[in-house]
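Single-structure report; data block below.
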Amino acid sequence: MDLIQALLLAFVEGLTEFLPISSTAHMIFTSAIFETQDDSFVKMFQVSIQFGAILSVIVLYWRKFLNVKSVNFYIKLAIAVIPALVLGKLFDDKIEAVLGNPVPIAIVLIVGGIVLLFVDRLFKRPKIKTEENITIRKALIIGFWQCLAMMPGTSRSAASIIGGMQQGLTRKLAAEFSFFLAVPTMLAVTAYSIFLKDWKYEGVEQKGYEMITQSSDNITFFIVGNILAFFVAMLAIRVFIGLIDKHGFRIWGWYRIIAGTLLLIYFTR
């Protein structure tokens with residue numbers, strides 16, 4: 001992987017992480033086009049640059065995250081993230097096996113797009129408009145919905161937003177709570193990938209941080225990638241909130257169907 005490829009992957013991560021179109025799918029397709037999808041450092045890099053995207057949420061919603069009086073807010077996030085942490089650890093190897101095959105991911109992208117075409121019709125009467133009215137039980141249920149995204153191509157954002165709407169949240173609040181929930185979820189995944197997971201890199205098992213610090217190029221990729229993902233994610237969140245509040249999910253559904261179909265044709269030709 002060179003610097004241009006690292007920047008493109010970081011741009012894709014920042015742009016798609018909080019949109020209901022699956023950042024994992026887009027990065028897998030991008031790295032497959034670069035023919036770097038089997039490189040362990042690239043796989044770890046794709047996860048590690050989520051840290052930049054996480055910071056964008058904290059900066060944009062700093063009043064919420066840095067309010068020490070919001071004990072209930074922290075409790076909700078802590079409980080909601082439990083299902084993803086437990087199931088993610090149990091199915092880590094199976095998930096990684098799927099990541100190497102773009103075809104089923106493209107199919108999931110299409111199926112998820114079809115679902116998004118009808119989401120707005122299914123949940124027409126939201127009752128919960130503020131985060132304070134989200135109960136711990138509802139937060140936990142949304143956390144289980146988020147686990148659907150363990151199948152690459154589903155989209156963590158889409159799964160948790162639909163889960164929020166199913167629990168009576170408005171589209172905007174469901175999207176924002178999805179952003180909030182992304183912070184502990186992605187932070188845990190990123191920390192696991194960098195500090196705990198064993199990667200086979202250049203014939204030797206290494207931790208993520210060992211791969212990063214192995215060369216000045218890898219350090220540069222990691223730092224620059226996270227910075228770019230941070231700024232692109234901030235812009236994407238602001239634009240997405242406005243679009244989803246006004247237009248709903250249909251535009252994203254059609255995008256997924258078209259993108260998934262083109263990618264399916266590309267990888268099966």
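Bear in mind that the values in this text are calculations on the coordinates, not laboratory data. Predicted, not measured: the structure shown is a model, and the values here were computed from it. Every residue, glycine as well, gets a Cβ built from its backbone with ideal geometry; the counts of neighbours run over all protein chains shown.
Could you compute the net charge surrounding D2? Neighbours are other residues with a C-beta less than 13 Å from the C-beta of D2; K and R count +1, D and E count -1. Can you show the working numbers first?
Details: positive: none; negative: E35, D39, D217.
Value of the local net charge: -3.
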Answer in debye to the nearest 20: the dipole magnitude of the stretch 3-268 about its Cα centre, from +1 Lys/Arg and -1 Asp/Glu charges placed on Cβ, is 1640
Amide H neighbours of Q206 at under 5 Å, excluding residues fewer than 5 places away on the same chain, with H built from the backbone geometry, are W199, K200, Y201
Running Debye on the chain with equal point scatterers at the Cα sites and no solvent, what base-10 log of I(q)/I(0) appears at q = 0.11, 0.12, 0.13 Å⁻¹? -0.58, -0.70, -0.82
Remind me, relative contact order of the chain in percent, using alpha carbon pairs under 8 angstrom and six or more residues apart? 36
Proximal lysine pairs, the stretch 1-119, alpha carbons under 21 Å, eight or more residues apart or interchain: 4
In order through the stretch 10-25: 3J(HN,Hα) via Karplus (6.51 cos²θ - 1.76 cosθ + 1.60), integer Hz, x for Gly, Pro: 5, 5, 4, 4, x, 6, 9, 4, 9, 9, x, 10, 6, 5, 4, 4
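Thinking of the stretch 136-188 as a set of Cα atoms, what percent of all their pairs are more than 16 Å apart?
On the way: 403 of 1378 pairs.
When all Cα pairs of the stretch 136-188 are counted, 29 percent exceed 16 Å.
All other residues with a Cβ under 13 Å from the Cβ of V224 taken together, and with Lys, Arg as +1 and Asp, Glu as -1, what is their net charge? Please report the intermediate quantities before stating the final value.
Details: positive: none; negative: D2, E13, D217.
Once all neighbours under 13 Å are counted, the net charge is -3.
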For the chain, find the longest principal axis of its Cα atoms and tell me its angle to the long axis of helix 71-90, 0 to 90°, nearest 10. 50
For the chain, the longest principal axis of the Cα atoms and the Cα long axis of helix 250-268 enclose an angle in degrees, to the nearest 10, of 20
